[in-house]
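Report on the structure given below.
The values are calculated or read from the model by the stated rules, or taken from the named source; none is laboratory data. All values derive from a computational prediction rather than experimental measurement. Counting neighbours? That spans all protein chains shown, and the Cβs are built from the backbone with ideal geometry, glycine included.
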Amino acid sequence: MSANPRLNLFVICTMTKRFHGTGNLLLREVGGASLAERFVGWTSRITQSRSPAIPAVDTYSGGHWSVVRALESSFGSTAGPSRLWIVSAGYGLISPADEIVPYGATFAPGQPDSISPVSSAEASVAWWQMLTQWRPPNLAPNAPRSIAETVAKYPEASNLLVLSPDYYRALSEDLHAALAQIANPDRLIILSSDNRSQGNLEKNTIKVDARLQTHVGGARSSLGVRTARAVLQELSGEPVTLSSFRKAMNRLIGRHGVVQVFDRDPMTNEQVADFINAELAQEASLSSTRLLEKLRGSGRACERKRFHKLFTAAKEQRTASLFALNTLGA
């Protein structure tokens with residue numbers, strides 16, 4: 001990682017993590033009458049935790065993260081001196097080397113560890129703003145805690161953010177602040193599957209294009225970061241700007257773009273749950289992503305968010321059942 005990068009690359013964390021057997025931090029276990037009280041409870045748990053901390057880059061896992069790790073190791077040959085940053089709903093803005101305790105927290109709505117039981121754009125924005133004003137243990141004292149601070153610290157660098165819609169909305173105010181102070185707006189690039197108007201951020205947003213999925217490979221959930229890797233390789237050392245990134249991505253679509261047409265059989269929630277339980281009974285370590293790919297590979301269909309919600313419910317039910325059995329057998 002360069003001290004004076006030509007490119008800051010921001011990626012989101014993942015819900016798939018390498019948890020310890022005990023001592024993990026889960027937002028579902030934190031109460032509070034207000035979002036601010038919940039935030040205080042959450043940060044207190046992190047500060048007071050005695051669980052072993054490990055580098056952030058080794059905490060996350062899954063298809064999305066495998067691409068992030070590959071990007072980190074190939075930065076020098078793709079974009080010149082660069083820095084990788086992780087946008088975390090639990091810790092805020094961190095770097096791969098920062099040591100953290102494995103945790104469960106997300107801006108995605110409807111999950112056990114969502115930042116708010118009733119998720120809203122306002123709650124997500126407020127939570128991120130509180131994270132930017134807090135410094136977790138083990139972070140360097142001068143490390144930036146927001147996108148705006150990073151832009152100010154590295155004024156000559158370009159900034160590429162690969163964001164899911166939920167994380168894009170959470171960072172919207174921070175991104176507006178970054179855009180207001182950046183010397184050259186062409187140095188702020190937001191790659192997201194959500195290109196709906198975010199005020200004056202719309203001009204700086206490039207929509208992830210599903211026509212590139214066959215070319216970049218992988219699941220739809222990692223399409224953004226895989227697209228970023230392919231475009232950086234296409235640029236091959238050329239300065240990364242909004243205009244150059246857009247042109248390189250259009251070249252890739254022109255050469256490799258394919259419109260995918262899926263002919264899969266839809267499933268009810270009960271059918272999906274039965275499939276998940278049957279598969280977990282054979283291999284309990286299966287991830288949501290791998291299991292969904294297996295389901296789709298068999299010619300059946302389920303939307304990703306619905307599948308992950310059912311998968312999480314099935315895992316929690318299995319854990320509760322095993323706990324009950326162990327208690328009875330004690």
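Of everything in the range 249-268, what is exposed (fewer than 13 other Cβ atoms within 10 Å of the Cβ), within 17 Å of residue 292 (Cβ to Cβ) and at pLDDT 85 or above? Give them in sequence order.
268
Please go through the range 134-160 and pick out each residue that is out of contact with any Ser or Thr (no Cβ under 8 Å at 6 or more places or on another chain), not small (Gly, Ala, Ser) and not in a loop (DSSP other than H, G, I, E, B).
Of everything in the range 134-160, those that are out of contact with any Ser or Thr (no Cβ under 8 Å at 6 or more places or on another chain), not small (Gly, Ala, Ser) and not in a loop (DSSP other than H, G, I, E, B) turn out to be 147, 150, 151, 153, 160.
Output the number of the condition that residue 61 fails; it satisfies all remaining conditions of (1) surrounded by fewer than 19 Cβ atoms within 10 Å (Cβ to Cβ); (2) closer than 30 Å to residue 286 by Cα; (3) touching a helix residue (DSSP H, G or I) at 6+ places or on another chain (Cβ under 9 Å).
(3)
Here is a check on your reading of the model: is residue 209 within 25 Å of residue 296 (Cβ to Cβ) and modelled with pLDDT under 90?
On the way: within 25 Å of residue 296 (Cβ to Cβ): yes; modelled with pLDDT under 90: no.
For residue 209, the condition - within 25 Å of residue 296 (Cβ to Cβ) and modelled with pLDDT under 90 - is not met.
Applying the selection to the range 234-292, what residues are of a type in the set (S, T, N, Q), out of contact with any helix residue (DSSP H, G or I) (no Cβ under 7 Å at 6 or more places or on another chain) and more than 26 Å from residue 215 (Cα to Cα)? First the steps, then the outcome.
Residues of the range 234-292 that are of a type in the set (S, T, N, Q), as a first pass: 236, 241, 243-244, 250, 260, 268-269, 271, 277, 282, 285, 287-289.
From the residues that got through so far, the ones that are out of contact with any helix residue (DSSP H, G or I) (no Cβ under 7 Å at 6 or more places or on another chain) too are 236, 250, 268, 271, 282, 285, 287.
Of everything in the range 234-292, those that are of a type in the set (S, T, N, Q), out of contact with any helix residue (DSSP H, G or I) (no Cβ under 7 Å at 6 or more places or on another chain) and more than 26 Å from residue 215 (Cα to Cα) turn out to be 268, 271, 282, 285.
Given the conditions (1) surrounded by fewer than 19 Cβ atoms within 10 Å (Cβ to Cβ); (2) part of a helix (DSSP H, G or I); (3) out of contact with any Pro (no Cβ under 9 Å at 6 or more places or on another chain), report the number of the one that residue 131 does not fulfil.
The single condition residue 131 does not satisfy is (1).
Taking the stated definitions as given, is residue 104 small (Gly, Ala, Ser), in contact with a strand residue (DSSP E or B) (Cβ under 8 Å, 6 or more places away or on another chain) and more than 20 Å from residue 151 (Cβ to Cβ)?
yes
Filter the range 7-42 for residues that are of a type in the set (Ser, Thr, Tyr) and under 20 Å from the mean Cα position of the chain (by Cα); which is farthest from residue 164 (Cα to Cα)? Even if it seems obvious, please write down each step before you answer.
Of all residues in the range 7-42, those of a type in the set (Ser, Thr, Tyr) come to 14, 16, 22, 34.
Among the residues that remain, those that are also under 20 Å from the mean Cα position of the chain (by Cα) are: 14, 16.
Details: 14: 11, 16: 15 Å.
Looking at the filtered set, the residue picked out is 16.
Conditions (1) closer than 16 Å to residue 221 by Cα; (2) modelled with pLDDT under 85, marked per residue:
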residue	(1), (2)
293	yes, yes
303	yes, no
312	no, no
320	no, yes
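Tell me whether the range 230-240 contains one or more residues that are assigned by TED's automatic domain parsing to the domain that holds residue 114, more than 18 Å from residue 128 (Cβ to Cβ), of a type in the set (Ser, Thr, Tyr) and surrounded by fewer than 17 Cβ atoms within 10 Å (Cβ to Cβ).
Quick first cut of the range 230-240, residues assigned by TED's automatic domain parsing to the domain that holds residue 114 only: 230-240.
Narrowing further to those that are more than 18 Å from residue 128 (Cβ to Cβ): 230-240.
Now restrict to residues that are of a type in the set (Ser, Thr, Tyr): 236.
Narrowing the set further to residues that are surrounded by fewer than 17 Cβ atoms within 10 Å (Cβ to Cβ) leaves 236.
Yes, the conditions are met somewhere in the range 230-240.
Look at residue 219 and say whether it is surrounded by 15 or more Cβ atoms within 10 Å (Cβ to Cβ) and free of Cβ contacts under 8 Å to residues at least 60 places away in the same chain.
It is false that residue 219 is surrounded by 15 or more Cβ atoms within 10 Å (Cβ to Cβ) and free of Cβ contacts under 8 Å to residues at least 60 places away in the same chain.
Name the residue that is farthest from residue 140 (Cα to Cα), counting only residues in the range 80-109 that are touching an Asp or Glu at 6+ places or on another chain (Cβ under 9 Å), of a type outside the set (Phe, Trp, Tyr) and part of a loop (DSSP other than H, G, I, E, B).
Once the filter is applied, the top-ranked residue is 109.
Quick one: is residue 19 at pLDDT below 90, part of a helix (DSSP H, G or I), assigned by TED's automatic domain parsing to the domain that holds residue 137 and of a type outside the set (Gly, Ala, Ser)? Let's see the steps before the verdict.
Values: at pLDDT below 90: yes; part of a helix (DSSP H, G or I): no; assigned by TED's automatic domain parsing to the domain that holds residue 137: yes; of a type outside the set (Gly, Ala, Ser): yes.
So residue 19 does not fit the description; no.
Go over the candidates 240, 258, 272, 231 one by one and state the one that is among the aliphatic types (A, V, I, L, M) and in contact with a His (Cβ under 8 Å, 6 or more places away or on another chain). Break it down into steps so the answer makes sense when it comes.
On the way: 240 fails: in contact with a His (Cβ under 8 Å, 6 or more places away or on another chain); 272 fails: in contact with a His (Cβ under 8 Å, 6 or more places away or on another chain); 231 fails: in contact with a His (Cβ under 8 Å, 6 or more places away or on another chain).
Being among the aliphatic types (A, V, I, L, M) and in contact with a His (Cβ under 8 Å, 6 or more places away or on another chain) holds for just one of 240, 258, 272, 231, which is 258.
Is it the case that the range 178-193 has a residue that's in contact with a Lys or Arg (Cβ under 8 Å, 6 or more places away or on another chain), modelled with pLDDT under 90 and either assigned by TED's automatic domain parsing to the domain that holds residue 63 or buried (at least 16 other Cβ atoms within 10 Å of the Cβ) (or both)?
Yes, that holds for at least one residue.
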